[in-house]
Amino acid sequence: MLPSPWRSDFPALSALDAEGQTYLDSAATAQKPQAVLDALLGYYASGAANVHRAQHLPGERATRAFEDSRTRVAHWLNAANPAQIIFTRGATEAINLLAYGLEHLFQPGDEIVISALEHHANLLPWQQLALRRQLKLQVLPLDDRGEIDPGPARELIGPRTRLLAVSQLSNVLGRWQPLAELLALARTQGAITVVDGAQGAVHGRHDMQALGCDFYAFSSHKLYGPDGVGVLYGRGEALARLRHWQFGGEMVHSAHYQHADFHGAPLGFEAGTPAIASVIALGATLDYLGNLDSAAVAGHEAALHAKLLAGLKAREGVRLLGEPQLALASFTVDGVHNADLSHLLTEQGIAVRAGHHCAMPLMQTLGLAGSIRVSLGLYNDGDDLERFFGALDNALELLR
Ligand SMILES: Cc1ncc(COP(=O)(O)O)c(C=O)c1O
């Protein structure tokens with residue numbers, strides 16, 4: 001039931017099958033298709049070379065492939081210009097870059113607005129900036145479904161708001177957030193807008209010019225690409241306000257003992273040797289994804305998700321967190337500790353995530369110590385869910 005036509009593109013799935021492992025943790029990191037493995041190996045096997053430095057053939061080839069990836073990312077996001085794409089180590093580094101690069105724009109008493117569901121990656125950099133500059137961190141509350149509530153947002157986003165930073169899709173609650181409304185509110189106040197696309201970027205293509213945020217960050221590894229690389233997209237005027245934050249090779253026009261003249265975006269924000277192979281393979285990832293039938297992928301993922309929700313709802317004592325719309329479901333079971341359940345699922349070869357999912361304040365808000373999260377990739381199929389439910393029933397029988 002619900003076979004995935006793309007499963008055989010991912011060698012890891014047969015390796016995991018052979019080990020008796022059912023992988024249901026793609027929101028943490030996704031497996032990679034053969035095309036991405038080929039791109040990684042192809043770069044190393046044809047001669048590694050540093051980028052933007054060397055005039056020799058391998059150096060030129062690496063630089064061309066690296067910049068080609070930037071162009072493909074820009075195209076993927078419908079950015080007007082590849083120079084709006086900064087390669088980072090991941091979404092976390094992209095948001096940290098912003099929290100340092102924008103620091104000079106804040107005065108004591110200014111406000112940063114985030115939401116109650118943020119991953120630590122989109123909370124701690126702003127919290128620490130607020131502590132450094134004596135700013136106020138405002139937290140937008142959620143409704144029962146797990147969506148940022150636009151009502152209180154209309155009150156909390158005000159004239160003191162200098163920056164709004166929110167997730168596109170929650171890694172715990174699996175709901176799209178009302179970005180259009182929130183970004184419009186922030187824009188009315190002249191605030192800078194940051195979207196954490198770490199989970200959202202995986203589902204469909206997002207048009208940056210239509211979305212209209214100042215900055216958008218995501219990680220390649222959740223998008224079926226290699227780890228060690230992420231993307232920070234910035235709108236032209238917003239990028240121009242960024243101050244440099246890391247200093248080193250290949251980010252200057254000229255350097256002197258007492259001063260230096262830095263490049264703007266993107267190279268001015270990519271100091272040092274980047275993750276060359278990973279950046280090149282990210283380009284191959286987007287080619288792979290771009291060649292899929294996106295409606296078929298979305299249909300398959302929706303059918304799997306519906307089966308996941310129906311199976312969870314059918315089990316006594318299972319409580320879903322919010323009302324997830326896609327990709328994942330987090331849940332608790334009455335009278336059962338998530339760590340005990342996770343232990344028994346792990347013993348049966350079920351790879352799911354348990355705990356606070358790097359969203360401790362959200363868990364505190366929900367009054368929970370943690371939850372179990374099942375998350376899906378395009379390679380999962382109905383059998384994966386059957387195995388999960390079988391293991392869940394066994395575990396609950398033991399625990400009750
Ligand atoms: C919503 C969200 N934001 C940010 C991140 C951080 O991503 P990374 O660890 O790849 O930098 C994650 C990772 O789980 C996430 O789910």
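How much of the DSSP bridge set in segment 37-290 is antiparallel, in percent, rounded to the nearest 5? Counting only bridges with both partners in segment 37-290, antiparallel ones make up about 45 percent. Partner lysines whose Cα lies under 29 Å from the Cα of Lys313, excluding those fewer than 8 positions away in the same chain, are identified as Lys222.
Taking every DSSP beta bridge with both residues inside segment 81-200, roughly what % is antiparallel (nearest 5)?
15
If you sort Trp126, Trp76, Trp176, Trp245 by accessible surface, 1.4 Å probe, largest first, the order is Trp176, Trp245, Trp76, Trp126.
Using the Kyte-Doolittle scale, find the helices of the chain whose mean hydropathy is at least -1.0 and whose Cα atoms extend 27 Å or more along the helix's long axis, counting only whole DSSP H runs. If you can, show how the numbers build up before the last one.
Numbers: long enough: 57-76 (28 Å, -1.03); 294-313 (28 Å, 0.63).
Passing helices, by number: 294-313.
Straight-line reach from Lys32: taking Cα to Cα under 14 Å and skipping same-chain neighbours fewer than 8 places apart, the aspartates and glutamates in range are Asp9, Asp227, Asp287. Residues Met208, Met360, Met1, sorted by accessible area with the largest first, give Met1, Met360, Met208 [1.4 Å probe; ligands and nucleic acids excluded].
In this Cβ point-charge picture (+1 for Lys and Arg, -1 for Asp and Glu), segment 37-290 has a dipole of about 280 debye about its Cα centre.
Given +1 at the Cβ of Lys and Arg, -1 at the Cβ of Asp and Glu and no other charges, the dipole of segment 51-92 around its Cα centre is 100 debye to the nearest 20.
Quick one: compute a quarter of the convex hull surface over the Cα atoms of segment 1-126 and quote it in nm².
On the way: hull surface 51.5 nm².
Computed as one quarter of the Cα hull surface, the answer is 12.9 nm².
Both the radius of gyration and Dmax for segment 37-290 are 18.6, 59 Å, in that order, over alpha-carbon atoms.
Using heavy-atom solvent-accessible surface (probe 1.4 Å) with all chains present, what is the largest-first order of Arg154, Arg133, Arg7? Kindly include the intermediate steps, with their values, before the conclusion.
Numbers: Arg154 130, Arg133 70, Arg7 35 Å².
Largest to smallest exposure gives the sequence Arg154, Arg133, Arg7.
Distance between the C-alpha centres of segment 302-332 and segment 54-106: 37 Å, rounded to the whole angstrom.
The values are calculated or read from the model by the stated rules, or taken from the named source; none is laboratory data. This is a predicted model, so every value here is computed, not measured. Using ideal geometry, Cβ is built from the backbone for each residue, glycine included, and neighbour counts are taken over all protein chains shown. Note: areas computed on protein heavy atoms with side chains; ligands, DNA, RNA excluded. Shrake-Rupley method; radii C 1.70, N 1.55, O 1.52, S 1.80 Å.
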